[in-house]
Amino acid sequence: MKLQDIQRLHTDGFLAADVRDRIVAHYKLQDAPNRFIAIIAVIGGVLVAAGVILLISANWDDIPRGVKLITGLALMLGSHAAGWWIRTRHADFHKTAEAFHLVGSVLFLADIALIGQVYHLSSRPPNAILVWWVGIAPLAWLLRSKPQYILTLSAALLWLAMEFLHDKGWLHHHRGELALLFYPAIFVGLYAAGVGMERSPAKDFGSVTRRYGLVGLSFMLLPLLFGSHVSSRGGDLVWSLYALISAAVAAGLFFALRGEAKLPLMWRGIWFGTLVFWLVFVGMACLNDSPHTRWEAGRHDWVAWTASIALFAHCLVMVNLGLLLGSRFFINLGLSLLTLDVIIAYLRLFGTMALTGAMFIVSGVGLIVLGVFIEKRRRAFMLKLQEASTPTKP
Amino acid sequence: MNPRHFIAVLAAQTLLLLALIAQQEYRLAAPTTVLLETAPVDPRDLLRGDYVILNYKVSNLTNSLWETAPAGQTGHGLPVFVSLEQRGEFHEAVLLSTTRPEPLPNRVVIQARTQPSWGNNQVRVEYGLERYYVQEGTGNPRGKLTVQVAVDAAGKPVIKQVFLDGKPYAEAMREQMKP
């Protein structure tokens, strides 16, 4: 139910003004936010912040360091002050206020970098990101802002990535390969946290966390499609830690999905099994001490082929869940991932006509079957919706 | 939302930045300075721009400088103290120790951390002075680089000034880049 629909009913004379007001107050209806303006505002904010960072990076010798530092601080505080002013005085421009706060948070990182530049600090770079993350984390909750929350999540994951990838990182091991081992588990954990948050006081951020986790997991599964170039043999401690984290994530996922009442029990089980499969498979793929480290060797690699087939099934599950939950996000992500899976499988087969031909036939038949299946499900879903909206005769 | 909480977070962010600035300014104001020899390399940092990597003569030390050689591996971030003495124009390392040495009038003690080294008889140390951020496009100097370093009472060093052939870096680069 949208505010515009209620307004229209009132304008056309079907609804008295007091009834309209009572409905609006009861259901807390608001003007639908203009998503286009929101996207433009966020992109604009990010561009401004990136521009300031580049200007700082240019590092003009002629500007005294005091002026640089004061300007940096003033820009950060000014941006937050502008956001606060708009938020409190012009509630209609909520998205613009959020964009200002976003710029302020990115400028906090720019200021940390500026201090490092001015004083020629060369300590561990992950420290700067850690300080940034800790500094901006409370703002997301205080402002109840989703863009701030996404920035905070991204800062946390960036810090973790730097600890894995930077040669001075606390979690660095052999070219940073441990990131490929741990990140899928982290993203499944985020997804589970998101599902759980939707039934908690932090429900405003539940949907974003869930989506962030699923998109992140999708990206982290793609390297598996290129074969077992991962050889994260980090010793017993790493594997014990991975087993512990995976078990905790699986337990969290189990409890989170248990409360997902919109899904039938069978599909909750299938979805749980699919995500837990990836936790186990990623561990096995990283344990695998394959001699294949080159692209062309990937076509004979069991990791790549198993990952391709498993991802295909994973996407089908996602599409079906999307239909059951009425979620466009699930369907779109499932289909996008499916497309990438098929393209990567084809690329891997380049140069062998027999395998390419076989793969084309199998996946072509698969796609036709999938199309028929999705169309059937869609029709059933539409029929159910129609039945639900048709008034029953007394 | 309570505006006091919002202001408290912004104040915490600002205080953190000011604390970082104050710490560095305190070090820069230290009366002790040393002059070190170095050789440059010029990469770029995503956030902080162009910089020159400074490879100091006192970064590669011989094992004979150990006051008492520590047991086990020394190449993984072990905190150490490097005692410097002025030899001609520059300061050079004369002692390496894991505990702070007794202060001597002609010596300056700097804190450092050990790094993995290729040589058997060598100890590589980092002082946190290995990067010098410069204006865009001026990170490829020709000539002799020397670095003036301020050292505070605790032995923490910070770059005060970099000279190229005896002139301040920015000025020397402007001259070098004249058509």
Cβ-Cβ under 6 Å pairs, at least 6 apart or on other chains, the range B:136-164 side in contact (Cβ under 8 Å) with a residue 24 or more places away in the chain, far side of a type in the set (Lys, Arg) and open to solvent by less than 20 Å² (accessible area, probe 1.4 Å) = none
task = Answer yes or no: is there a residue in the range A:241-256 that is modelled with pLDDT of 85 or more, farther than 29 Å from A:LEU165 by Cβ and open to solvent by 20 Å² or more (accessible area, probe 1.4 Å).
result = yes
key: In the range A:310-356, the residues that are under 18 Å from A:GLY216 (Cα atoms), open to solvent by 30 Å² or more (accessible area, probe 1.4 Å) and either not in a helix (DSSP H, G or I) or not aliphatic (A, V, I, L, M) (or both)   = A:PHE312, A:ARG328, A:PHE329, A:ASN332, A:SER336, A:THR339
remark   = Among (1) farther than 21 Å from A:LEU181 by Cβ; (2) modelled with pLDDT of 90 or more; (3) not acidic (Asp, Glu), A:LEU324 falls short only on (2)
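Filtering the range B:50-76 down to residues that are modelled with pLDDT under 80 and not hydrophobic (A, V, I, L, M, F, W, C), which residue is least open to solvent (accessible area, probe 1.4 Å)?
Taking the range B:50-76 and keeping what is modelled with pLDDT under 80, we get B:69-76.
Among the residues that remain, those that are also not hydrophobic (A, V, I, L, M, F, W, C) are: B:70, B:72-76.
Working: B:PRO70: 38, B:GLY72: 69, B:GLN73: 152, B:THR74: 39, B:GLY75: 13, B:HIS76: 140 Å².
Residue satisfying both the conditions and the ranking: B:GLY75.
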query = Among B:GLU89, B:GLU85, which is acidic (Asp, Glu) and either open to solvent by 50 Å² or more (accessible area, probe 1.4 Å) or touching a residue at least 40 places away in the same chain (Cβ under 8 Å) (or both)?
reply = B:GLU89
inquiry  = What pairs come out if I take residues in the range B:9-26 that are facing chain A (nearest Cβ under 8 Å) and without any contact (Cβ under 8 Å) to a residue 60 or more places away in the chain and pair them with residues that are of a type in the set (Asp, Glu) and surrounded by 19 or more Cβ atoms within 10 Å (Cβ to Cβ) whose C-beta lies under 7 Å away, six or more apart or interchain?
reply    = B:LEU17/A:ASP111
request  = Out of the residues in the range B:121-158 that are away from every other protein chain (no Cβ under 12 Å) and among the β-branched types (Val, Ile, Thr), state the one that is nearest to A:LEU54 (Cα to Cα).
outcome  = B:THR146
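Filter the range A:79-96 down to residues that are at pLDDT 90 or above and away from chain B (no Cβ under 11 Å), then give me how many there are.
Our first condition is that a residue be at pLDDT 90 or above; within the range A:79-96, this holds for A:79-86.
Retained after the next criterion (residues that are away from chain B (no Cβ under 11 Å)): A:82, A:85-86.
Going through the range A:79-96 one residue at a time, the tally reaches 3.
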request  = Please indicate, with yes or no, whether at least one residue in the range A:115-125 is over 14 Å from A:VAL46 (Cβ atoms), modelled with pLDDT of 85 or more and open to solvent by 60 Å² or more (accessible area, probe 1.4 Å).
outcome  = no
key: Enumerated helices (runs of 4 or more DSSP H) restricted to the range A:100-197, each holding at least 2 residues that are under 21 Å from B:LEU10 (Cβ atoms)   = A:125-143, A:146-165
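Determine if the range A:47-70 includes at least one residue that is assigned to a helix (DSSP H, G or I), away from chain B (no Cβ under 12 Å), open to solvent by 40 Å² or more (accessible area, probe 1.4 Å) and closer than 30 Å to B:TYR169 by Cα. Explain how you work it out, then say what you get.
Quick first cut of the range A:47-70, residues assigned to a helix (DSSP H, G or I) only: A:47-58, A:65-70.
Pick out the ones that are also away from chain B (no Cβ under 12 Å) and you get A:47-48, A:51, A:67.
Now restrict to residues that are open to solvent by 40 Å² or more (accessible area, probe 1.4 Å): A:47-48, A:67.
If we keep only those that are closer than 30 Å to B:TYR169 by Cα too, we end up with A:67.
Yes, there is a match, as at least one residue in the range A:47-70 is assigned to a helix (DSSP H, G or I), away from chain B (no Cβ under 12 Å), open to solvent by 40 Å² or more (accessible area, probe 1.4 Å) and closer than 30 Å to B:TYR169 by Cα.
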query = Just checking, how many residues over the range A:194-213 are among the aliphatic types (A, V, I, L, M) and at pLDDT 95 or above?
reply = 0
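Can you tell me which residue among A:ASP5, A:ASP18, A:ASP61, A:ASP92 is touching a helix residue (DSSP H, G or I) at 6+ places or on another chain (Cβ under 8 Å), over 27 Å from A:TRP159 (Cβ atoms) and not β-branched (Val, Ile, Thr)?
Details: A:ASP5 fails: touching a helix residue (DSSP H, G or I) at 6+ places or on another chain (Cβ under 8 Å); A:ASP18 fails: touching a helix residue (DSSP H, G or I) at 6+ places or on another chain (Cβ under 8 Å); A:ASP92 fails: touching a helix residue (DSSP H, G or I) at 6+ places or on another chain (Cβ under 8 Å).
Result: A:ASP61 is the single residue among A:ASP5, A:ASP18, A:ASP61, A:ASP92 that is touching a helix residue (DSSP H, G or I) at 6+ places or on another chain (Cβ under 8 Å), over 27 Å from A:TRP159 (Cβ atoms) and not β-branched (Val, Ile, Thr).
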request  = Quick one: in the range B:122-154, of everything that is part of a strand (DSSP E or B) and touching an Asp or Glu at 6+ places or on another chain (Cβ under 9 Å), which residue is surrounded by the fewest Cβ atoms within 10 Å (Cβ to Cβ)?
outcome  = B:THR146
key: Residue count, the range B:100-121 (criterion: surrounded by 12 or more Cβ atoms within 10 Å (Cβ to Cβ) and either over 17 Å from B:GLN86 (Cβ atoms) or more than 18 Å from the chain's Cα centre (by Cα) (or both))   = 9
key: Boolean, A:SER122 is among the hydroxyl-bearing types (Ser, Thr, Tyr) and over 21 Å from A:LEU217 (Cα atoms)   = yes
Count of the range A:116-137 residues which are facing chain B (nearest Cβ under 7 Å) and under 20 Å from the mean Cα position of the chain (by Cα) = 0
So A:TYR191, is it open to solvent by less than 10 Å² (accessible area, probe 1.4 Å), of a type in the set (Phe, Trp, Tyr) and touching a residue at least 12 places away in the same chain (Cβ under 8 Å) = yes
key: Yes/no for B:LEU84 being of a type outside the set (S, T, N, Q), in a strand (DSSP E or B), modelled with pLDDT under 85 and out of contact with any Leu (no Cβ under 8 Å at 6 or more places or on another chain)   = no
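The values are calculated or read from the model by the stated rules, or taken from the named source; none is laboratory data. Computed from a predicted structure; not experimentally measured. Counting neighbours? That spans all protein chains shown, and the Cβs are built from the backbone with ideal geometry, glycine included. What goes into the accessible areas is simple: the full protein's heavy atoms, side chains included, and nothing from ligands, DNA or RNA. Shrake-Rupley method; radii C 1.70, N 1.55, O 1.52, S 1.80 Å.
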